[in-house]
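Trainee: Here it is, the structure, as structure tokens.
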Amino acid sequence: MYVCICNAIREAELRRVAQHVVGDAEAAYAALGKQPNCRQCLVEAEDILLEERACGLRSVAA
């Protein structure tokens, strides 16, 4: 699923970068070589990053 239509960023890309980049959605976009345009996607992107990072922490603790 596309999260950011302007930059064609998919949910899977955000999930991959979430484990390697500290910071918010804009930092994740920058790591992908993009920057937010219309900014409509940032809340959803933040939610995905937080969810993925939480999953990563649970698997480390297990």
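Trainee: Which one is modelled with the lowest pLDDT, of the residues in the stretch 10-34 that are within 10 Å of the chain's Cα centre (by Cα) and β-branched (Val, Ile, Thr)?
Mentor: Top of the filtered list is Val21.
Trainee: Tally up the residues in the stretch 5-21 that are among the hydrophobic types (A, V, I, L, M, F, W, C) and under 10 Å from Leu49 (Cα atoms), please. Don't jump to the end; show me each part of the working.
Mentor: Residues of the stretch 5-21 among the hydrophobic types (A, V, I, L, M, F, W, C): 5-6, 8-9, 12, 14, 17-18, 21.
From what's left, under 10 Å from Leu49 (Cα atoms): 14, 17-18, 21.
Looking only at that region, the number is 4.
Trainee: What are the residues in the stretch 10-22 that are β-branched (Val, Ile, Thr) and part of a loop (DSSP other than H, G, I, E, B), if any? Give the derivation first.
Mentor: So in the stretch 10-22, the residues β-branched (Val, Ile, Thr) come out as 17, 21-22.
Result: Val21, Val22.
Trainee: Could you tell me which of the residues Asn7, Asn37 is without any contact (Cβ under 8 Å) to a residue 40 or more places away in the chain, in a loop (DSSP other than H, G, I, E, B) and either exposed (fewer than 14 other Cβ atoms within 10 Å of the Cβ) or under 10 Å from the mean Cα position of the chain (by Cα) (or both)?
Mentor: Working: Asn7 fails: either exposed (fewer than 14 other Cβ atoms within 10 Å of the Cβ) or under 10 Å from the mean Cα position of the chain (by Cα) (or both).
The match here is Asn37.
Trainee: Of these, Glu44, Glu26, which one is surrounded by fewer than 17 Cβ atoms within 10 Å (Cβ to Cβ) and in contact with a strand residue (DSSP E or B) (Cβ under 6 Å, 6 or more places away or on another chain)? Spell out the reasoning first.
Mentor: Details: Glu26 fails: in contact with a strand residue (DSSP E or B) (Cβ under 6 Å, 6 or more places away or on another chain).
After ruling out the rest, the residue left standing is Glu44.
The values are calculated or read from the model by the stated rules, or taken from the named source; none is laboratory data. Owing to the predicted nature of the structure, the values given are computational and were not obtained by experimental measurement. Cβ coordinates were reconstructed from backbone atoms using ideal geometry, including for glycine residues, and neighbour counts include every protein chain displayed.
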